[in-house]
Amino acid sequence: MVQRVLYRIIAQEQLPKIRFHDLRHTCATLLLQSGIHPKIVAELLGHSSVMVTLDTYSHVTAPMLGVVKKVFETQFVPQKSMEINPTSSKSSSISFRELTIQEEEEHNQ
């Protein structure tokens, strides 16, 4: 019944056809991206454990990595400078992002 009502609304509004389950998936994804704790999302979805939610929606963690990097950079990396070459008399400054890029470039070589 819910599916028929959804399809009727979709047809009336000339929207792309989606399943009701797609709405559930979208809702869960938006909640996790908004920072809602996975345990709360798991309970809302009726999952037996938070691991089911995390396994199903683990793709959401990729965009969140940018937030993690910002938190790490502002909380754990000294803001003034990091001495890269201790034998050099000249101190240079490097951000966490620059360090990450350097590591990725080294890994890709």
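Values quoted throughout were computed directly from the atomic coordinates according to the rules given, and no laboratory measurement underlies them. Not measured: the values here are computed from a predicted model. Here Cβ is always computed from backbone atoms with ideal geometry, including for glycine, and neighbour counts include all displayed protein chains.
Along the stretch 26-40 the Karplus relation, 6.51 cos²θ - 1.76 cosθ + 1.60 evaluated at θ = phi - 60°, assigns HN-Hα couplings of 4, 4, 4, 4, 5, 4, 5, 5, 7, x, 5, 4, x, 5, 5 Hz to successive residues, with x for each Gly and Pro. Taken along the Cα-to-beta-carbon direction at a fixed 7 Å, the label points for Leu65 and Cys27 span 3.0 nm. Once the Cβ-Cβ distance of Gln75 and His37 is raised to the sixth power relative to R0 = 30 Å, the FRET efficiency obtained is 0.95.
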